[in-house]
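See structure below.
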Amino acid sequence: MGEFLFWPVLLAYGEAAVAYAGDVRRPGSAGRLATWGVRIGWLLQTALLVEQATRADGFPWTTWAGSLNLFVWLVVTVYLVWGCRDRYRLLGLAVMPLAAVLLVLARVGGGTGATGSGGYSTAFLVLHVGLLSFAFAALTLSAALAVLYLWQERRLKAHRPGALLGRAPSLLTLETLSARTIVVALPALTAGIVAGLVRLRSEGGGIDALMAVTLGTWVVYGAYLVLRYEAGWRGRRAAYLALAGFALVIVARVGLQLTHFS
Amino acid sequence: MTLTLVGLSHQATPIAVRERAFVPLPQASQLAKELADAGEAVCLSTCNRTELYLVGEDAERRALDALTDLSGLPEEEVRGVVYRLADEAAALHLFRVAAGLDSMVPGEGEILGQVRSAFEVGAAGPVLDRLFRQALHAGKKVRAETAIAESPASVSSAAAALAQQVFGQLDECLVMLVGAGHVAELAARSLAARGAHIAVVANRSVDRAEALAVRFGGVGIPLEAAAERLADVDVLVSSTGAPGRTFGRADVEAALRARKGRPLFLIDLAVPRDLDPAIHELDGCYLYDIDDLESVVAASLAGRRREAARAEAIVAEEGERFRGWLASREVVPAIASLRAWAEEIRAAELERARGRLGLSESQHAAVESVTAQIVNKLLHLPTVRLKEAAAGADGGSYAEAVRHLFDLGDDDPH
């Protein structure tokens, strides 16, 4: 059942990604098709995750591919909060292709099927993996906002606003939303890291590459907030810093195996 | 009765004639009432067109006379420039007008309000009421479903739209005008219309600065003091036309430092330019001069023309709906006559049989109900068929056939 649901999810997200590209060229029905693609894909993926949760014994998404699947669902969930509004449709141009690609990677990298919890308590996994996945998903949205900001800023600087005028959110809105999303994500990231460190301390063991990159991510986003709110880092500089943090998110989510759960 | 449109517009009539035919709204109301006589009339008059929509006897003749009187030109000359349309062609024309498709700038928004005002002060009856309501609906639909009206169509509206693209809602944006001429005022109006607050007007003549500032609720200051206020405002509009630069890169750099990362949008409407072009290189700063704004407008107008094709399809759909409604009106009197005729026979036959049958009150009521149902059932299908035929092209001939078959005559039963 779960494997059967994967393809419709991918199809819906892929359709949304293509339709968002079409909406940039010709606004209107393509944008509505894209939004429906996101909604239907999200519902199907929710069904996929529910099916996995009911089938598995304990927390089911501890493998690299499984957690990537959960991560994609969280990214799309966070995006849906804004995605249905006309003025944020362009955000889908950054989010939906990423969601589709990550879903394919999850499939190629071991399937989206669920596994057991590998000896870890469900409460710990929900707290640790759940919080980190939520934080990473929010940071992905923040990065998408930063990309849209840079794209729009570049066009305004080039005196070619074109189709953006009146259709995309303003620079100030994008910048503020990106920062606010990081404000929400950082406490979740902190709590997820603390949960992992507490467990590490009680069970023993060393810091692996994934933990190091996650800590690095925390440092970059912490610096982002300090620099933005204390030193007045706004605009392009802030957007580049958010993207630097997101590069670490991608390394943590896609580049490294969840070795410490194996 | 036929719907008739007689009008003149910017498409074929020079402004010298249009301005003579222009009718201000109160007089348009008066004119519509005079023209309505026993029918209906609406006068739509803007700087680009004067159009008379009439329903009634000899409508074209009366509309032509009215336009001739208004323009003060010989009738032959008026006949040479006016267009005359009837029924669905007239309706389609009004739908295009309301959608902004017949405007100089495709999709411009003002015309929709003008159509509404003309309708409200006119003397509309059933046909014009339906026509103008549907035109307003078509205008709104075109603007909602296409991007024809989204992009700016003038330099001042482009400047305001760009400011919105930087700051979003302009309600909390402060604007400084440098120069107090007509160009600055136009830009200020456009920004103020979107919620921006014109806080400062700087000018060589402080009196002129204050005169303009007071209209927008701001303050007037001398030109020399403008640099000090730069850090406090979000949008600067410069249009002095003075030979030198009013602001250099260093002035703006200092202002940006004081603004702690909040962006600054600068509009240079002067020729020669007031602002150093190097300002645009600064991070968080956006400088648009008159050429930049004109190229934004040109791109936007090209976009509007592309969207016009989609808008035409929507308008054609509305035109088709109106045609169907108009045609259905042709068969309504025939249906009403048919039903009245059947009811008359039913009632007469029932009355004749009453005495013969010796029915009680309750029995009579039951027979009354049964016969009414029989008549209704018999006439249901012909009624539906007539309405269907009206939606196509055969409404008139079907109505005529019914009248002939049942010898109904031409008069409306009511």
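Per-structure values
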| read-out | value |
| --- | --- |
| Cβ pairs under 6 Å, 6+ apart, first in the stretch B:310-328 and more than 13 Å from B:L131 (Cβ to Cβ), second aromatic (F, W, Y) and at pLDDT 90 or above | B:V315/B:F95 |
| Filter result (closer than 23 Å to B:L266 by Cβ and either facing another protein chain (nearest Cβ under 10 Å) or in contact with a Leu (Cβ under 9 Å, 6 or more places away or on another chain) (or both)) within the stretch A:130-157 | A:Y149, A:L150, A:W151, A:Q152, A:E153, A:R155, A:L156, A:K157 |
| Enumerated helices (runs of 4 or more DSSP H) restricted to the stretch B:82-196, each holding at least 2 residues that are touching a residue at least 60 places away in the same chain (Cβ under 8 Å) and β-branched (V, I, T) | B:110-121, B:126-145, B:155-167 |
| Candidates A:G83, A:G111, filtered to the one that is modelled with pLDDT under 70 and within 22 Å of A:S170 (Cβ to Cβ) | A:G83 |
| The one condition in (1) within 14 Å of chain A (Cβ to nearest Cβ); (2) buried (at least 17 other Cβ atoms within 10 Å of the Cβ) that B:A209 fails to fulfil | (1) |
| Qualifying positions in the stretch B:163-186 - over 22 Å from A:L156 (Cα atoms) and either within 9 Å of chain A (Cβ to nearest Cβ) or among the β-branched types (V, I, T) (or both) | B:V178, B:V183 |
| Unmet criterion (only one of (1) among the hydroxyl-bearing types (S, T, Y); (2) surrounded by fewer than 20 Cβ atoms within 10 Å (Cβ to Cβ); (3) within 14 Å of chain B (Cβ to nearest Cβ); (4) within 17 Å of the chain's Cα centre (by Cα)) for A:T190 | (3) |
| Test result for B:H197, modelled with pLDDT of 90 or more, more than 14 Å from chain A (Cβ to nearest Cβ) and either more than 24 Å from B:R304 (Cβ to Cβ) or crowded, with 22+ Cβ neighbours inside 10 Å (or both) | yes |
| Residue match in the stretch B:222-232 (condition: closer than 15 Å to B:L177 by Cβ, in contact with a strand residue (DSSP E or B) (Cβ under 6 Å, 6 or more places away or on another chain), among the small types (G, A, S) and crowded, with 18+ Cβ neighbours inside 10 Å) | yes |
| Any hit, the stretch B:216-232, residues being in contact with a Gly (Cβ under 7 Å, 6 or more places away or on another chain) and modelled with pLDDT of 90 or more | no |
| The stretch B:294-312 - residue that is at the interface with chain A (Cβ under 10 Å from one of its Cβ atoms), under 18 Å from B:A163 (Cα atoms) and under 26 Å from the mean Cα position of the chain (by Cα) and, of those, surrounded by the most Cβ atoms within 10 Å (Cβ to Cβ) | B:S300 |
| Qualifying residue in the stretch B:377-386 (condition: touching a Phe, Trp or Tyr at 6+ places or on another chain (Cβ under 9 Å) and either under 30 Å from B:V332 (Cβ atoms) or outside any helix (DSSP H, G or I) (or both)) | yes |
| Residue under evaluation B:I267, criteria (1) loosely packed, with under 14 Cβ neighbours inside 10 Å; (2) more than 30 Å from B:F132 (Cα to Cα); (3) in contact (Cβ under 8 Å) with a residue 60 or more places away in the chain; (4) not acidic (D, E), criterion not met | (1) |
| Leading residue by the ranking (surrounded by the fewest Cβ atoms within 10 Å (Cβ to Cβ)) among those in the stretch A:227-249 that are over 14 Å from A:A185 (Cα atoms) and more than 14 Å from every other protein chain (Cβ to nearest Cβ) | A:A247 |
| Scan of the stretch B:242-264 for residues that are touching an Asp or Glu at 6+ places or on another chain (Cβ under 8 Å), more than 14 Å from chain A (Cβ to nearest Cβ) and surrounded by fewer than 21 Cβ atoms within 10 Å (Cβ to Cβ), ordered by number | B:A242, B:R245, B:G248, B:R249 |
| Residue in the stretch A:168-184 that is buried (at least 18 other Cβ atoms within 10 Å of the Cβ) and away from chain B (no Cβ under 14 Å) present | yes |
| Filter result (of a type in the set (A, V, I, L, M), in a helix (DSSP H, G or I) and more than 17 Å from B:A187 (Cα to Cα)) within the stretch B:280-311 | B:A298, B:A299, B:L301, B:A302, B:A308, B:A309, B:A311 |
| Residue identified as of a type in the set (G, A, S), within 23 Å of B:L379 (Cα to Cα), at pLDDT 85 or above and surrounded by fewer than 17 Cβ atoms within 10 Å (Cβ to Cβ) among B:A348, B:A353 | B:A348 |
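The values are calculated or read from the model by the stated rules, or taken from the named source; none is laboratory data. These numbers come from a predicted model, not from an experiment. Cβ sites come from the backbone with ideal geometry, for glycine too, and all protein chains shown count toward neighbours.
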